[in-house]
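Colleague: Let me begin by handing over the structure; questions about it come next.
The values are calculated or read from the model by the stated rules, or taken from the named source; none is laboratory data. Quick caveat, the model's predicted, so the values are computed rather than measured. When we count neighbours, we look across all protein chains shown, and the Cβ atoms used for this are built from the backbone with ideal geometry, even at glycine. Each accessible area value is taken on the protein alone, full model and side chains, heavy atoms only, with ligands, DNA and RNA left out. Shrake-Rupley method; radii C 1.70, N 1.55, O 1.52, S 1.80 Å.
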Amino acid sequence: PVPPSTLLETACCVPRPAHAAHAAVAYAPPAKIFAGGSWLSRTCLRGSEHLDVVAALPDGLIGPKDVANGRYLEKRDVYLRACARALRRGGLDASVSPLQGDDRAPIVIVRAPGARPVRVHAGWAADAATIKKLAPGRNNVRDAAGGADVPTRSYNACLLRDTAHARHVALIHRACS
């Protein structure tokens, strides 16, 4: 049997429809775009069919309270969908799909004829205080009554994944140099 705390955490981490007030995003170009993953360091698997690129969310898009209750996930989703629309207007085949089956982590897949697909991930430069709020023992998804008893480890890890792209690329580069 699954412990009740695990069921509650799983239920809290399921994507919800965006609330207009929380997901309002003024579209601006990404703050920075850089190669991610292992392609740049030539450590990717042979026959890898995609190239990973990270688009850093614009400064000021994510506020200090956006780590709570799925607001960051909603804003990231709206922003990536706006990026996909902009790429389609530019004549590219761009679609949004979940990363490794995780609906909380959408990515934009850009396909051009005769080229390998490019996966665009969202990156986020969180400050130290925000990263501290995402510790494994913290709760960032409140229940309907406003309670915060159960740590939301999966949700916190999902947000932390977006803060780690640049550090991972630097780590792979140092290890392979």
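Colleague: Would you check if ALA55 is touching a Cys at 6+ places or on another chain (Cβ under 8 Å), modelled with pLDDT of 90 or more and surrounded by 20 or more Cβ atoms within 10 Å (Cβ to Cβ)?
Modeller: Working: touching a Cys at 6+ places or on another chain (Cβ under 8 Å): yes; modelled with pLDDT of 90 or more: yes; surrounded by 20 or more Cβ atoms within 10 Å (Cβ to Cβ): yes.
Spelling it out, ALA55 is indeed touching a Cys at 6+ places or on another chain (Cβ under 8 Å), modelled with pLDDT of 90 or more and surrounded by 20 or more Cβ atoms within 10 Å (Cβ to Cβ).
Colleague: Residues in segment 69-81: is at least one in contact with a strand residue (DSSP E or B) (Cβ under 7 Å, 6 or more places away or on another chain), outside any helix (DSSP H, G or I) and open to solvent by 50 Å² or more (accessible area, probe 1.4 Å)?
Modeller: Scanning segment 69-81, I find no residue that is in contact with a strand residue (DSSP E or B) (Cβ under 7 Å, 6 or more places away or on another chain), outside any helix (DSSP H, G or I) and open to solvent by 50 Å² or more (accessible area, probe 1.4 Å), so the answer is no.
Colleague: Which one of these does TYR27 not meet: (1) open to solvent by 80 Å² or more (accessible area, probe 1.4 Å); (2) hydroxyl-bearing (Ser, Thr, Tyr); (3) modelled with pLDDT of 85 or more?
Modeller: For TYR27, the failing item is (3).
Colleague: Across segment 132-161, what is the number of residues that are of a type in the set (A, V, I, L, M, F, W, C) and more than 15 Å from LYS65 (Cβ to Cβ)?
Modeller: 7
Colleague: Report those strands (runs of 3 or more DSSP E) wholly inside segment 84-125 carrying at least 2 residues which are within 17 Å of ILE33 (Cβ to Cβ) and among the small types (Gly, Ala, Ser).
Modeller: 118-123
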